[in-house]
Amino acid sequence: MPVAAPAGAPVLKGLRIVEFPAFVAAPLGGLTLAQLGADVIRIDPIGGNMDITRWPLNADGRSLYWASLNRGKRSVEIDVRNPEGKRLVRDLVTAAGEGGGIFLTNLPVDGELSYASLKAVRPDVIMVQLVGSPDGANALDYTVNSVAGFPLVTGDARSVPVNHVVPMWDVAAGLNIALAVLAAERWRRETGEGQFIRLALSDVAMATVSNLGYIAEVEVNDADRQPDGNFLYGAYGDAFETADGRHVMVVAISRRQWQALVRATGMEEALGQAARSLGYSLEDEGGRYEARALISAFFKPWVRRRTLAEVEAAFSDPTILWAPYRTFRQMLAEDKRASEWNPMFRRVAHPGVGEFLTATTPLAFSAAERVAPGVAPRLGQHGPEVMREVLGIDDARYASLASAAIVGKAR
């Protein structure tokens, strides 16, 4: 029988994950699990992996990116090219314990760190590996995005391909990695069996293209989606500039939202007459999409005559869907959802990195404690602690391994 967690304990308390990652997807998978209470041990080569200096950097050259993706984890440096170092990682993964035996990576691994080798030591081991493409080819978020079709429907008809700056497929892959760990761990609890899960970054993108109907649009309708600026496909939405040089996005999908919008702008009658005279119907979202240029021709001068504050006052009806465009700095200054008012955030001092507003999981459980935002570790900070706690390696043995450059020196 499983042992009940203490009341209010984090939902993943007792789960131990060893990750050997780089860049976004795999570290985000581990971070997602750490924010739910799992003990996540990040393994890096001595001196750090290739993402240790990824921009942005602080004034001392520390990566804010690395710190943000690895908060709340324990950091260990091991030379995995050294046979003994590779065995140490294997032993960390396969160490006894009900909540252990979980390994995730987005890097090539073989020998002692292959699934077959890990399973030979611990039959119920769970391993999740992210690869680029299902055929084994390399891929990055930005190359996957370019072939998935989205840059060619972003911008307007005059644009060259427009990439977005959010590493969307890495983020989605990271969340899928966390989901894979939890699904496999549930399977293990039910059957006693571990398993190997292989996830391709390009499959994450292609599955999304399928799930959102883009493939069906081509194959069923024989249609090619065209870039359409800031218009919202299949409904009404557009972006406008205010009198004080800010920009807002206005959206109306349902009939109720549309009616609230035209009432607030005082354009219900005039816009309706113009639409009827041109043969448009504004009664449903498809009709409003067809009339999008006409609608925006009415709204553009209305917004342009008003400051952002005046637009906000006019759009006080909560039925109206609208939002100002903000820089990251403006978001912090203006939006209480990105502030200490939000229980997801706390202001955390990260040694050697800086103090900044730091998020934990966006999930709020009614019967479990929300884990506080973790502190960014120093590279290799937890080496002696993890080796002692998980493998029983004392400080003298650790010092010997560090002298041989198999593990990082104690920090």
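Close amide H partners of Leu321, meaning residues 5 or more places away or on another chain with modelled amide H under 5 Å apart, are Val251. Measuring with a 1.4 angstrom probe and ignoring ligands and nucleic acids, Thr154 comes out at about 60 Å² accessible. Only bridges whose two residues both fall in the chain count here: according to DSSP, what percent of them are antiparallel, nearest 5? Just about 45 percent of them are antiparallel.
Looking at segment 59-127, which trypsin sites (Lys or Arg not before Pro) are in a loop (DSSP not H, G, I, E or B) and have at most 13 other Cβ atoms within 10 Å?
Details: sites: Arg62, Arg71, Lys73, Arg74, Arg81, Lys86, Arg87, Arg90, Lys119; in loops: Arg62, Arg71, Lys73, Arg81.
Passing sites in segment 59-127 are Arg81.
Residue by residue, segment 292-301 carries 3J(HN,Hα) couplings of 4, 5, 5, 4, 5, 5, 7, 6, 4, x Hz when phi is fed to the Karplus relation 6.51 cos²θ - 1.76 cosθ + 1.60 (θ = phi - 60°); x denotes Gly or Pro.
Kindly rank 298-307, 391-400, 100-109 from highest to lowest mean number of other beta carbons found within 10 Å of each residue. Walk me through the numbers before you get to the answer.
Numbers: 298-307: 15.3, 391-400: 13.5, 100-109: 22.2.
Output ranking for 298-307, 391-400, 100-109: 100-109, 298-307, 391-400.
Using a probe of 1.4 Å, the accessible surface attributed to Ile46 totals some 80 Å² when neighbouring protein chains are kept in position. Here log10 I(q)/I(0) by the Debye sum over Cα atoms at q = 0.09, 0.12 Å⁻¹ was calculated from the structure, and among [x] -0.62, -1.08; [y] -0.71, -1.07; [z] -0.56, -0.98 it sits at label [y]. Between Phe365 and Phe196, the contour length at 0.36 nm per residue exceeds the alpha carbon distance by 57.9 nm.
Taking a straight line from the alpha carbon of Lys86, these lysines sit under 25 Å away, with near neighbours fewer than eight places off in the same chain left out: Lys73, Lys119, Lys409. Phi angles of segment 67-79 translate, via the Karplus equation with coefficients 6.51, -1.76, 1.60 and θ = phi - 60°, into HN-Hα couplings of 4, 6, 7, 10, 4, x, 9, 9, 9, 10, 9, 9, 7 Hz per residue; Gly and Pro are given as x. Report the paramagnetic label zone for Arg397: residues of segment 85-115 whose backbone N is under 20 Å from a point 7 Å from Cα along the Cα-to-Cβ axis. Only 85-98, 100-101, 112-113 fall inside the zone, counting backbone N under 20 Å. Between Trp187 and Val251, the contour length at 0.36 nm per residue exceeds the alpha carbon distance by 18.8 nm.
What full-extension length gain, to one decimal in nm, is calculated for Ala157 and Arg347 as 0.36 nm per residue of separation minus the Cα-Cα distance?
Numbers: separation 190, 0.36 × 190 = 68.40 nm, distance 4.35 nm.
The Ala157-Arg347 span can extend by a further 64.1 nm.
Summary value for segment 27-68: 22 percent relative contact order, contacts being C-alpha pairs under 8 angstrom separated by 6+ residues. Backbone geometry of segment 26-43 corresponds, through the Karplus equation with coefficients 6.51, -1.76 and 1.60 at θ = phi - 60°, to 3J(HN,Hα) couplings of 5, x, 5, x, x, 4, 4, 6, 4, 5, 9, x, 6, 8, 10, 10, 8, 9 Hz, x marking Gly and Pro. Mind giving me the FRET efficiency for Ser277 and Asp224? R0 is 22 Å, r the Cβ-Cβ distance, nearest 0.05 is fine. Calculated value: 0.10. Modelled spin-label separation between Glu217 and Met331, with each label point placed 7 Å from Cα along the Cα-to-Cβ direction: 2.5 nm.
The values are calculated or read from the model by the stated rules, or taken from the named source; none is laboratory data. Note that the coordinates shown come from a computational prediction; the quantities given were computed from them, not determined experimentally. Note: ideal-geometry Cβ built from the backbone for every residue, glycine included; neighbour counts use all protein chains shown. Heads up: the accessible areas ignore ligands, DNA and RNA and are worked out on the full protein's heavy atoms, side chains in. Shrake-Rupley method; radii C 1.70, N 1.55, O 1.52, S 1.80 Å.
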